[in-house]
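Visitor: I'd like to ask you about the structure that follows.
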Amino acid sequence: MRLKVLYLVVLVSGCVMGAGFVSGSELWMFFGKYGLYALPLILLFVIIFTSGIYKVMTLKQKYSINNLTELSMIISPRFGKYVDYVLKVSYIIFASAMLAGIRIVGGEITVWVTLLISVLVVILNKKTLMKLNLFLVPIVIVFILTLLALNQENIDLPNLITSDEPVLIGVIAVIFYASVNLLLSVGALLRSYTTLSKKETFWVALISGVLLASLAIVVIILISSATFNTLELPIVGVALASGSVVSVIGELLVVASILTTFIACVFGVSNDKNNKLELFLVLSVIYVLSTFGFYHVLQFGYFIIGIFTFIYYIALMRKS
């Protein structure tokens, strides 16, 4: 039982730990820049995210749901087909953000390597993504904690406490952020397990939310200095300040985290028959959108798709 819960916690966490999360960019955007209000905003994220995960797993067992399309049809039989189209567009937009993040870290060559790897994983072996997350998430946790130990002198507590940002905007943004990340996690979660007890379901949801919240707090503390939080990928700046070896490890982990989330998005938008022409067209659109830059794609994606996914979350929680 414990191994099953741990496996699903790592799977869910790995889907959220993409370019914006591991790099610290979206964590500062949605939490850190609000100063002391970051803590209640993170709590709001945990409430939405964990309640959504718990509800999805409960509905899966009740209705034998195997993928996101089936979940949409259960939630709204009348509009489920159209909702599925919007979900696929959402995956494309966020895959574009992941690819833009990889371009910042590794350059254009890394982008093309990522596209090639995603094609191979999608066509050859879908289980590869789950195995990658099982190794990646523990390594990311250890690395972030190591960075915290090495960079205590760079922590800027006054910058964490003071903020002139409007909190109401932060609340709305975090609601969208939690809804979007719930959706990104659910796609992989629905395909990955058979039956859980109510107790196991509860612990998977709770531990996933608490783990992500804890890591978010540590990363925000790490990038508190204005030297770092003004960068597109601030955690890379922290790694650079820690030495060349740590910097290389940090860049590799950021790329790996982005890669797993990118592949998860590609899975979400590609069909089960692995239509190679469809896959090529999807990746072409993703590549073009990624050229607009990580920060711009991320801002646009969370604002537009966040509205839709929050409505989806409300419909999900109302389903009995």
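Visitor: Can you run down the residue pairs with Cβ atoms below 9 Å, 6 or more apart or on separate chains, where the first is in segment 1-24 and of a type in the set (D, E, K, R) and the partner is buried (at least 21 other Cβ atoms within 10 Å of the Cβ) and assigned to a helix (DSSP H, G or I)?
Guide: Hits for this filter: Lys4/Val204.
Visitor: I've got another one for you. Mind checking which pairs have a first residue in segment 287-309 that is within 18 Å of Phe21 (Cβ to Cβ) and a second that is at pLDDT 65 or above and not in a helix (DSSP H, G or I), Cβ under 7 Å, 6 or more apart or different chains?
Guide: Final answer for the pair search is Phe294/Glu232; Tyr295/Glu232.
Visitor: Another question about this same structure. Considering only residues of segment 151-191 that are free of Cβ contacts under 8 Å to residues at least 24 places away in the same chain and under 25 Å from the mean Cα position of the chain (by Cα), which is surrounded by the most Cβ atoms within 10 Å (Cβ to Cβ)?
Guide: Applying the first criterion (free of Cβ contacts under 8 Å to residues at least 24 places away in the same chain) to segment 151-191 yields 152-153, 158, 164, 166, 168-169, 172.
From what's left, under 25 Å from the mean Cα position of the chain (by Cα): 166, 168-169, 172.
On the way: Pro166: 10, Leu168: 8, Ile169: 10, Ile172: 15.
Residue satisfying both the conditions and the ranking: Ile172.
Visitor: Has segment 45-52 got at least one residue that is under 25 Å from Leu147 (Cβ atoms), crowded, with 17+ Cβ neighbours inside 10 Å, modelled with pLDDT of 85 or more and not hydrophobic (A, V, I, L, M, F, W, C)? Before the answer, list the steps.
Guide: Step one: filter segment 45-52 for residues under 25 Å from Leu147 (Cβ atoms), giving 45-46, 49.
Those left that are additionally crowded, with 17+ Cβ neighbours inside 10 Å: 45-46, 49.
Among the residues that remain, those that are also modelled with pLDDT of 85 or more are: 45-46, 49.
Next, only the ones that are not hydrophobic (A, V, I, L, M, F, W, C) stay: none.
Checked segment 45-52: no residue is under 25 Å from Leu147 (Cβ atoms), crowded, with 17+ Cβ neighbours inside 10 Å, modelled with pLDDT of 85 or more and not hydrophobic (A, V, I, L, M, F, W, C).
Visitor: Taking only pairs six or more apart or across chains, which ones have beta-carbon atoms under 8 Å, a first residue in segment 199-228 that is more than 18 Å from Glu26 (Cα to Cα), and a second residue that is of a type outside the set (Ser, Thr, Tyr) and assigned to a loop (DSSP other than H, G, I, E, B)?
Guide: From residues that are more than 18 Å from Glu26 (Cα to Cα), the pairs are Glu200/Met1; Val204/Leu196.
Visitor: For the condition over 30 Å from Glu165 (Cα atoms) and either surrounded by fewer than 21 Cβ atoms within 10 Å (Cβ to Cβ) or basic (Lys, Arg) (or both), what is the one hit in Ser64, Ser72?
Guide: Details: Ser72 fails: either surrounded by fewer than 21 Cβ atoms within 10 Å (Cβ to Cβ) or basic (Lys, Arg) (or both).
From the options Ser64, Ser72, the qualifying one is Ser64.
Visitor: Right, here's the next one. Could you check how many residues of segment 187-202 are within 18 Å of Asn133 (Cβ to Cβ) and outside any loop (DSSP other than H, G, I, E, B)?
Guide: 3
The values are calculated or read from the model by the stated rules, or taken from the named source; none is laboratory data. Every value quoted in this text rests on a predicted model; they were computed, and no experiment measured them. We place every Cβ from the backbone using ideal geometry, glycine too, and count neighbours over all the protein chains shown.
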